[in-house]
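Asker: Handing you this structure, nothing more for now.
The values are calculated or read from the model by the stated rules, or taken from the named source; none is laboratory data. None of these values were measured; they are calculated from a predicted model. We place every Cβ from the backbone using ideal geometry, glycine too, and count neighbours over all the protein chains shown. Just so you know, the surface numbers come from the protein's heavy atoms only, side chains and all, with ligands and any DNA or RNA stripped out. Shrake-Rupley method; radii C 1.70, N 1.55, O 1.52, S 1.80 Å.
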Amino acid sequence: MARVQEPTVRQPLEWDSPLFLMARAQFEQSLPFADVSPMVAERLSFPERAVIMSVPLRRDDGTWQIFAGYRVQHSTVLGPTKGGVRYDPEVSLGECAALASWMTWKCALLRLPYGGAKGGIRCDVREHSPAELQRLTRRFTSELVTMIGPKTDIPAPDMATNEQTMAWMMDTYSMLKGHAVPEVVTGKPISVGGSVFRREATGAGVVMSAERACERLGWNLNERRIVMQGFGNVGGVAASELHERGATVLAVSDISGGLHSEDGLDVPALHEYAAEHGSLEGYDRCERMTNEELLELPCDILFVCAREDQLTSANAARIEARLIVEGANGPTTLEADAIFAERGIPVIPDILANAGGVTVSYFEWVQDLGRLFWDRDEIRNRLAEKMHDAFDRVWSVAEEKKITLRQAAMVAAIREVAGALEARGIYP
Ligand code: NAD
């Protein structure tokens, strides 16, 4: 077996943020069970490439401001890279590197022909008008024009970006190419080649994996008591799906804080309120609490669907859920994971639980390339098939190797990429 020379790039590199080191530690924890060569393990420890750019914006008042923009591509072993674009004050190279590597594992686990990428702009969307966001998005896209493309890297929405952002990206890319290229992004409006059911796909997939877990645990989903952190694209849709299936949604939260009622919240009323007011802030028809308190409420299933770093060594011992489902990427730290494993609380990991979004993004890309569109039922059924298949493979690996679901998901994913990398070899 080929040896890997020491030292390879082990000095801290620009992307070695705490979040990326956590993603790499998760990878390394799973390696002993994945049976891959040192060459493959070493190669997959690093993103393949990253760009940092400065993005100028003319504000509505005529002044100028420069924003940091990023795109990281982790792996092109299985195909073009795929991953979201987020607009958030905390976006950094290290955050994008971590999220890009999780995308590689997620796509591989779902057996999608993609590697992982992630990017974004460090900004606070609440400080910008739609016109400013449009100009920022268009300039960001033009900076990326040599890096993205239907055969190279296909962006999608993530935190604080949406269908409109993708329409602006698609239009900018198409203008620069001279013809319409809908397949350059996914999560677009249906009018420009988007897929039905893409908007709901991540939240619906989160609930599909929770339902499969309930079956394995001998529970009925409709009898479960639910706590939901995050009420955006992922958490909001997941809360509705759970409510519609008869589960009791005890509490939900967004960045303005948490709402709680032991008898169950009126989820459609919460959506109406959030649509009217922009968030749940000020909703007063139930008890209010902080996000920290919400996470510690006794419940059957805690869904963490807001952002990374929510379940940590500081609160893991006080979490009173019987099952945790990660709708967000990276919400559980390594220390918290170890505490949950010791306490026997299963965690359905992000790369499995929230893979519905990228799976329907893949369906959207395939439909755009073929210029042939499927209906909602077909997409939902194909998504359920993919989610259940991945869930069952992860569960089997966890049982066989006696490891956590996160480790098992990583093992299943690493094996997919490693098999392809062994076959391709490392160029030249
Ligand atoms: P979003 O912007 O639509 O929603 C985020 C929600 O979290 C909002 O309700 C926001 O108010 C809330 N929030 C933000 N910070 C919070 C905090 N500190 N405490 C509590 N709530 C907070 O974003 P989204 O698309 O729903 O993404 C949420 C997570 O899911 C992210 O980690 C994202 O990477 C991941 N994810 C999204 C998709 C997708 O298709 N949208 C797919 C896979 C993973």
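Asker: Looking only at residues in segment 179-236 that are of a type in the set (Val, Ile, Thr), in contact with a helix residue (DSSP H, G or I) (Cβ under 8 Å, 6 or more places away or on another chain) and surrounded by fewer than 23 Cβ atoms within 10 Å (Cβ to Cβ), which one is farthest from Glu272 (Cα to Cα)? Spell out the reasoning first.
Answerer: Start the filter on segment 179-236 by keeping residues that are of a type in the set (Val, Ile, Thr), which leaves 181, 184-186, 190, 192, 196, 202, 206-207, 226-227, 234.
Checking which are in contact with a helix residue (DSSP H, G or I) (Cβ under 8 Å, 6 or more places away or on another chain) leaves us with 181, 184-186, 192, 196, 202, 206-207, 226-227, 234.
Checking which are surrounded by fewer than 23 Cβ atoms within 10 Å (Cβ to Cβ) leaves us with 181, 192, 196.
Values: Val181: 35, Val192: 27, Val196: 22 Å.
Among those residues, the one meeting the criterion is Val181.
Asker: Quick one: in segment 142-178, of everything that is of a type in the set (Ser, Thr, Tyr) and under 21 Å from the mean Cα position of the chain (by Cα), which residue is nearest to Pro89 (Cα to Cα)?
Answerer: Thr161
Asker: Considering each residue of segment 117-150, count those that are surrounded by fewer than 20 Cβ atoms within 10 Å (Cβ to Cβ), closer than 23 Å to Glu364 by Cα and among the hydrophobic types (A, V, I, L, M, F, W, C), and give that number.
Answerer: So the count comes out to 2.
Asker: Go through segment 40-85 and give me each residue that's among the acidic types (Asp, Glu) and within 27 Å of Pro150 (Cα to Cα).
Answerer: Within segment 40-85, Glu48 is the sole residue that qualifies.
Asker: Of Ser174, Ser191, Ser240, which residue is within 15 Å of the ligand (Cβ to nearest atom) and either of a type outside the set (A, V, I, L, M) or assigned to a helix (DSSP H, G or I) (or both)?
Answerer: Values: Ser174 fails: within 15 Å of the ligand (Cβ to nearest atom); Ser191 fails: within 15 Å of the ligand (Cβ to nearest atom).
From the options Ser174, Ser191, Ser240, the qualifying one is Ser240.
Asker: Name the pairs: first residue in segment 30-55 and of a type in the set (D, E, K, R), second residue part of a loop (DSSP other than H, G, I, E, B), Cβ to Cβ under 8 Å, at least 6 apart or on different chains?
Answerer: As it stands, the answer is Glu42/Val4; Glu42/Thr8; Arg43/Ile426; Glu48/His74; Glu48/Ser75; Glu48/Thr76, since those pairs meet every condition given.
Asker: Oh, and also: Return the total of residues in segment 417-428 being open to solvent by 10 Å² or more (accessible area, probe 1.4 Å) and either closer than 12 Å to Val397 by Cβ or β-branched (Val, Ile, Thr) (or both).
Answerer: The qualifying residues number 1.
Asker: If you go through segment 48-62, how many residues are within 15 Å of Cys123 (Cβ to Cβ) and outside any strand (DSSP E or B)?
Answerer: 2
Asker: May I pose another question? One residue is enough: does segment 282-300 have a residue meeting the conditions touching a Pro at 6+ places or on another chain (Cβ under 6 Å) and either surrounded by fewer than 21 Cβ atoms within 10 Å (Cβ to Cβ) or assigned to a helix (DSSP H, G or I) (or both)?
Answerer: The answer is no; no qualifying residue exists.
Asker: Okay, next question. So the check is Cβ under 9 Å with 6+ separation or different chains; which pairs have a first residue in segment 301-316 that's free of Cβ contacts under 8 Å to residues at least 12 places away in the same chain and over 20 Å from Arg225 (Cα atoms) and a second one that's among the small types (Gly, Ala, Ser) and buried (at least 16 other Cβ atoms within 10 Å of the Cβ)?
Answerer: Every condition considered, the pairs that remain are Ala314/Ala336.
Asker: Tally time: how many residues in segment 95-115 are assigned to a helix (DSSP H, G or I) and more than 15 Å from Gly69 (Cβ to Cβ)?
Answerer: Total meeting the criteria: 10.
Asker: Something else: Could you say whether any residue in segment 249-270 is more than 15 Å from the ligand (Cβ to nearest atom), open to solvent by 30 Å² or more (accessible area, probe 1.4 Å) and closer than 23 Å to Ala384 by Cα?
Answerer: Checking segment 249-270: not a single residue is more than 15 Å from the ligand (Cβ to nearest atom), open to solvent by 30 Å² or more (accessible area, probe 1.4 Å) and closer than 23 Å to Ala384 by Cα.
Asker: Among the residues of segment 303-358, count how many are in a helix (DSSP H, G or I), within 11 Å of the ligand (Cβ to nearest atom) and of a type in the set (Asp, Glu).
Answerer: 1
Asker: If I ask for residues that are touching a strand residue (DSSP E or B) at 6+ places or on another chain (Cβ under 8 Å) and among the small types (Gly, Ala, Ser), which ones from segment 201-240 would you list?
Answerer: Ser209, Ala210, Ala213, Gly230, Gly232, Gly235, Ala238, Ala239
Asker: Moving to a separate point now. All but one of (1) under 30 Å from Val325 (Cβ atoms); (2) acidic (Asp, Glu); (3) free of Cβ contacts under 8 Å to residues at least 40 places away in the same chain hold for Asp171; state the number of the condition that does not hold.
Answerer: Failing condition for Asp171: (1).
Asker: Would segment 201-219 turn up any residue that is in a loop (DSSP other than H, G, I, E, B) and either within 16 Å of the ligand (Cβ to nearest atom) or farther than 20 Å from Ile324 by Cα (or both)?
Answerer: no
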